[in-house]
Structures are given as structure tokens and as C-alpha cells.
Amino acid sequence: MSESVNSRIQGFYKLPVRGRLDALRTHAGLDAESGAWFAEGGGLDLSVADKMSENVIAVHGLPLAVALNFRVNGRDLVIPMSVEEPSVVAAASNAARMVRDSGGFVGDADAPVMTAQVQFDDVEEPDHAASRILAEKDRILRAGDASIPRMIERGCGCRDLEVRVLDRHAGVMVVDLHVDVGDAMGANTVDTVAEAVAPVIHAMIGGTIGLRILTNLPMRRRVRVRCDVSAEAVGGAAMADGIARASRFAELDVQRAVTHNKGFMNGLDAAAVALGQDWRSIEAGAHAYVALEGRYRPISTWARTATGLTGRAELPLALGTVGGSTTAHAGVRAAFKLLGVTHAQELAVVLAAAGLASNLAALRALSGEGIQKGHMKLHARKAEAEQAAVNGHAVHGHTLPEVRP
């Protein structure tokens with residue numbers, strides 16, 4: 001990430017698309033190759049798409065936008081977001097501007113350790129079997145490492161294992177293998193490890209081998225992010241009080257917590273899609289994490305301070321800056337160049353910050369004039385595009401039939 005990046009680009013939304021690209025070249029170090037791809041409208045070559053998925057018949061497009069004003073761990077960022085809803089990008093940018101005045105977002109992420117699970121059924125004396133596995137832990141981990149030699153060369157590999165007996169009567173137990181996957185999301189790596197060690201463990205304890213696959217709740221791969229924002233920046237002391245009360249509402253009521261968390265995930269998911277991440281895995285892990293204590297909770301909380309508010313969030317976040325779409329998709333490569341992030345832990349902090357900004361914007365709107373005024377103002381522009389399509393305007397060289405109500 002370049003120190004020369006300035007994410008505070010005033011009047012950016014008023015510029016035409018070409019003008020925005022020029023502004024990114026000036027303020028965010030947009031390189032020539034990425035700039036050319038953006039200028040041509042982006043997209044994905046159909047031949048590449050055909051290799052990325054199954055039964056491909058076309059390419060489905062989403063807008064690729066940028067959220068501005070972000071400062072994360074002392075560095076300015078322009079965050080790519082791919083989402084069909086304009087208010088997501090506008091809201092995140094606006095909240096980031098408010099937080100920026102108080103120093104921006106601060107965060108840290110755990111080492112990129114993913115967990116693979118090996119299930120066993122019908123194990124006799126499962127407690128004794130668990131002790132046997134723990135006694136042979138080093139041998140099992142070596143067998144796992146042997147299955148991923150290229151990861152070992154990069155300094156990654158198996159770090160630990162745990163054993164849990166789930167049903168003593170039926171002899172059901174699971175071995176959780178914790179694997180450092182470096183800057184990859186890591187699903188393929190940990191699945192390989194699980195399949196490699198399963199027969200080794202089976203030879204020790206017997207029973208029936210069951211599933212061998214990662215969990216999308218990577219408890220050892222969590223990210224934490226926080227920020228301060230002044231009461232003045234959010235609209236005054238009464239508004240700050242309202243945001244804190246809205247946050248408390250989410251802590252007390254499950255139905256509100258779900259919508260609160262959706263507001264957080266708006267920004268995180270939009271950035272994840274633009275950057276080629278597995279947003280389904282992200283969503284599953286985040287919502288499971290906040291329900292671990294037996295009651296669904298908010299991902300983020302906001303507390304009143306003497307000068308304004310402090311926001312905090314924590315969640316498991318498995319991301320990758322190498323492999324998958326980060327290599328195959330030209331748009332994802334361009335988005336990463338613009339963002340300037342190369343390591344998975346840094347990316348986790350950035351995406352969590354995008355989520356916290358989106359959450360702040362939603363709570364501020366709800367605590368003030370309501371969500372609809374700003375949302376519908378931006379939605380009106382999207383409605384114009386919808387109407388143009390309905391009324392037979394050209395789309396990719398084809399004219400759609402006019403449809404009347």
C-alpha cells in the first residue's frame with residue numbers, strides 16, 4: 001500500500017466515470033494496466049468464465065465501485081466494492097470520512113490458521129482413542145505436512161490438533177487440525193491435510209472414517225477492528241446518544257441484531273465480492289460466531305464516550321490474497337492493485353473496517369431521519385436504469401421489448 005495514497009477525494013461522486021479514473025490515477029496510484037481495464041468497462045472474458053464455473057452460458061455483471069475516505073492503521077485506502085445497491089458505497093464512504101477525523105480505523109488479525117475436521121464414528125472407547133491421538137500428535141501433524149510440500153516451503157503447515165468426543169455412546173469424535181495457510185484462503189490446503197491424516201488416525205483408533213473437510217468457523221483466524229468518532233462528526237450529542245442506544249437494542253433483541261449485522265456485512269461483502277473472496281464462507285462464519293454463546297449477538301457494538309463514540313467488531317475472517325479468483329479474474333487483480341494490500345491478515349482488517357463503517361452509517365441514518373430518505377434518493381438513480389431497460393433501450397447491442405404495466 002503506497003504511502004502517497006489519498007483516499008479523501010472531494011467531489012468524486014460528481015465526476016463522470018473517466019474523471020473518476022483520472023482522480024484515482026492522481027490520488028491513489030492507479031496503474032496503467034488496471035486503469036485501461038476499468039476504462040473499457042471491466043467484465044470477464046467468456047472463455048475465462050467457462051473455466052471458472054460449470055454450465056456457463058454468459059457473464060453476469062455487477063457495478064465495480066470504490067469506497068473513499070478510509071484510513072486503516074494509519075494508511076489511506078481506496079476500497080473496491082462490487083454491489084448493486086448504491087447506498088452501500090455512499091454510506092461506507094461517508095462514515096469513513098467521519099471516522100477519519102478521529103484517526104481512522106485500527107485493527108489486527110490472528111495468524112492465518114484454518115481448521116480441518118476429520119470425523120470418526122463407531123470408535124470403541126472414544127476417550128481412550130482421544131488420548132492415543134494426542135500422544136501421537138507430532139506424527140499426525142508430520143503426515144499432514146507431507147501432503148502439502150509447497151505450503152511447507154513457504155513456511156506454512158500444520159500447527160496443532162485437538163480432539164473432541166461428540167457422542168460417547170455412538171463413538172462419534174472429531175479431530176480438528178489447525179493449519180497455517182499463509183496468504184491463501186486455505187480451503188483446498190486444509191482439505192488435503194484432512195484427507196491425508198484420516199487413514200493415519202484410523203489405523204490408531206479404528207471406527208469409521210466420516211467427513212474430512214474444513215470448517216467455515218475458523219476460530220483461530222479472527223480479526224478485530226475499532227474506531228472512535230466524535231459526536232460532532234455524526235451530527236451532535238443527541239445523534240451519538242441515539243447510535244449508542246441503537247447498538248444496545250441489537251445487544252438485547254435478536255431480531256434487531258440480525259438487521260444490525262446485515263448492515264455490517266453490507267460493506268464487508270461488497271468489498272469481498274470485488275476482491276474475489278468467498279463471501280458465502282465469510283457470511284456463514286460470521287453469523288455462527290456471534291451465536292456461539294447460545295444467543296445471536298451483534299458483530300459490532302457502539303458505546304458512548306466523553307467525546308463521541310467508540311465502535312468495535314470481532315469476527316472470524318478467512319480471506320486470501322493469492323490463489324483462486326485473485327489469479328484468474330482480471331478485475332480482481334485490478335482491484336487488488338488499486339487497494340494495494342498483499343497479505344491476508346492486512347486484508348482482513350481492511351474488510352472488517354469496511355463493515356464497521358457501513359454499520360455506523362446505518363445506525364446514524366436510523367437514529368436520525370430514518371433509513372429511507374437517503375436510501376431512496378440513491379435508489380431513484382438505479383430506478384432510471386431499470387426503466388430504461390424496460391422501455392426498450394439497447395443492452396449489449398440488443399433491444400429489449402417494451403413492457404407496460
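Key figures for this structure:
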| quantity | calculated |
| --- | --- |
| Å³ per residue enclosed by the Cα convex hull of region 113-214 | 73 |
| Contour excess over end-to-end distance, with Cα ends at E54 and N73 and 0.36 nm allotted per residue | 2.8 nm |
| Estimated FRET transfer efficiency (H202, R168; beta-carbon r; R0 22 Å; 0.05) | 0.70 |
| Net charge of Cβ neighbours under 11 Å - reference R224; Lys, Arg +1; Asp, Glu -1 | 0 |
| GluC sites (Glu not before Pro) within region 1-74: DSSP coil, no more than 12 neighbouring Cβ in 10 Å | E3, E40, E54 |
| Out-of-range pairs (alpha-carbon distance over 30 Å; input K14/K262; K137/K262; K14/K337) | K137/K262 |
| A135-T342 pseudo-label distance in nm [points 7 Å out on the Cα-to-Cβ vector] | 4.7 |
| Choice from A274, A32, A96 with maximal GNM fluctuation in the chain (Cα, 10 Å cutoff) | A32 |
| Net charge contributed by nearby residues that have their C-beta within less than 14 Å of R256 (K/R +1, D/E -1) | +3 |
| Base-10 log of normalised Debye intensity for the chain (one unit scatterer per alpha-carbon) at q = 0.06, 0.07, 0.15 Å⁻¹ | -0.29, -0.39, -1.33 |
| Linear extension gain, K14 paired with E369, 0.36 nm per residue minus alpha-carbon span | 125.4 nm |
| Estimated 222 nm signal from helices in the chain, with DSSP H stretches of n ≥ 4 weighted -39500 (n - 2.57), rounded to 500 | -15000 deg cm²/dmol |
| Ranked packing of 154-162, 180-188, 200-208, most packed first, by mean Cβ within 10 Å | 180-188, 154-162, 200-208 |
| Label-point separation, D241 to Q255 (7 Å along Cα→Cβ), nm | 2.6 |
| Two-site label geometry, R248 and D122: point separation in nm, points 7 Å out along Cα→Cβ | 5.7 |
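Taken together, the values in this text are just the output of simple stated rules run on the coordinates, not laboratory data. Note that the structure is a prediction, hence the values are computed from the model and not measured. Positions of Cβ are backbone-derived with ideal geometry, glycine not excepted, and every protein chain shown enters the neighbour counts.
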